[in-house]
Amino acid sequence: MNLQGKVALVTGAGRRVGQAIALALAEHGASLAVHYRTSRAGAEETAARIIEQRGRAQIFSAELESVEQIERMVASVNEAFGRLDVLVNSASVFYRKPLEGLTERDWDLNLNTNLKAPFFLSKFAGAGMRKQGAGKIVNIGDWAAIRPYNNYLPYTVSKAGLIGLTRALAKALAPEVQVNCVALGPVMPPDEYAPEQVERLRLATLTKTMGSPADVARAVLFLCEGTDFATGSTLMLDGGRLLN
Ligand SMILES: NC(=O)c1ccc[n+]([C@@H]2O[C@H](COP(=O)([O-])OP(=O)(O)OC[C@H]3O[C@@H](n4cnc5c(N)ncnc54)[C@H](OP(=O)(O)O)[C@@H]3O)[C@@H](O)[C@H]2O)c1
């Protein structure tokens, strides 16, 4: 799919990885629907940077635990831009909690944000894409979906579900829409990580490198622009972390 003149919605695009993906899609000609929940200033910055480069962008806020807000946001994007061609599900919650402390709320928060929201976003956005005759959905996953991290149980289950969702949606939205997943290794450590913790992440890869948000953006661009033949696939973008 040529991104020129297309419209992309990126969730969690007010900061970090989501912001890098949004900027890269805009650089390749897409108009950007920049989703945020609390990072309004970051979302405004993302949009301003795109507009500075003569692109088109608008910010949209939604609490992704609410299906009603998801439906309203997709409708607003269609209203604002007249179409929606690309959806990148990047927003996610991620926090450590040992099994004994896990509550029903932890389970719901992780599964709602990381799995249920991508499903409903894809359902609502995918319907329009099918009508248009083409579309791309990219889910941002995690290598730990396959080999779970210690003490992140609901998170790793949600990301395992996201790989299943990618495969199921690829069938359900075929042949018009291609749905793929990029399962990340360490590309941007949590802001609070100490240098020693970051170093441990780096050394745990086969490549002995940290990835970067730019690596993620290039993978998303490949799945949107580089080929129309991949669907239902999960690309391990993890420096070989899963194999180590
Ligand atoms: N960073 C890494 O090294 C790494 C490694 C493996 C996988 N990943 C995956 O890559 C993606 C991006 O990672 P990241 O580190 O950039 O994530 P992040 O900094 O944790 O940001 C995630 C975004 O999700 C949004 N969000 C969270 N809960 C939400 C909710 N209930 N409703 C609406 N928005 C919500 C937040 O928006 P607001 O700030 O606007 O509230 C936030 O900006 C995630 O899917 C993550 O699992 C990242």
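What follows is calculated from the coordinates using simple rules that are stated; it is not laboratory data. From a predicted model like this one, the values you see are computed outputs, not experimental measurements. Note that we place each Cβ from the backbone using ideal geometry, even for glycine, and neighbour counts take in every protein chain shown.
Here is how the numbers come out for the structure above:
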{"quantity": "Search result, residues across segment 1-44 that are part of a helix (DSSP H, G or I), within 17 Å of the chain's Cα centre (by Cα) and more than 14 Å from the ligand (Cβ to nearest atom)", "calculated": "L25, A26"}
{"quantity": "Subset of segment 203-229 [surrounded by fewer than 18 Cβ atoms within 10 Å (Cβ to Cβ), over 16 Å from the mean Cα position of the chain (by Cα) and more than 20 Å from Q4 (Cα to Cα)]", "calculated": "L203, A204, L206, T207, K208, T209, M210"}
{"quantity": "Tally, over segment 132-171, of residues that are surrounded by fewer than 19 Cβ atoms within 10 Å (Cβ to Cβ), in a helix (DSSP H, G or I) and either more than 13 Å from the ligand (Cβ to nearest atom) or over 16 Å from the mean Cα position of the chain (by Cα) (or both)", "calculated": "7"}
{"quantity": "Extreme residue, surrounded by the fewest Cβ atoms within 10 Å (Cβ to Cβ), among residues of segment 172-202 that are more than 14 Å from the ligand (Cβ to nearest atom) and among the hydrophobic types (A, V, I, L, M, F, W, C)", "calculated": "A194"}
{"quantity": "Selected residue [farther than 27 Å from L243 by Cβ, assigned to a loop (DSSP other than H, G, I, E, B) and within 16 Å of the chain's Cα centre (by Cα)] from A91, A125", "calculated": "A91"}
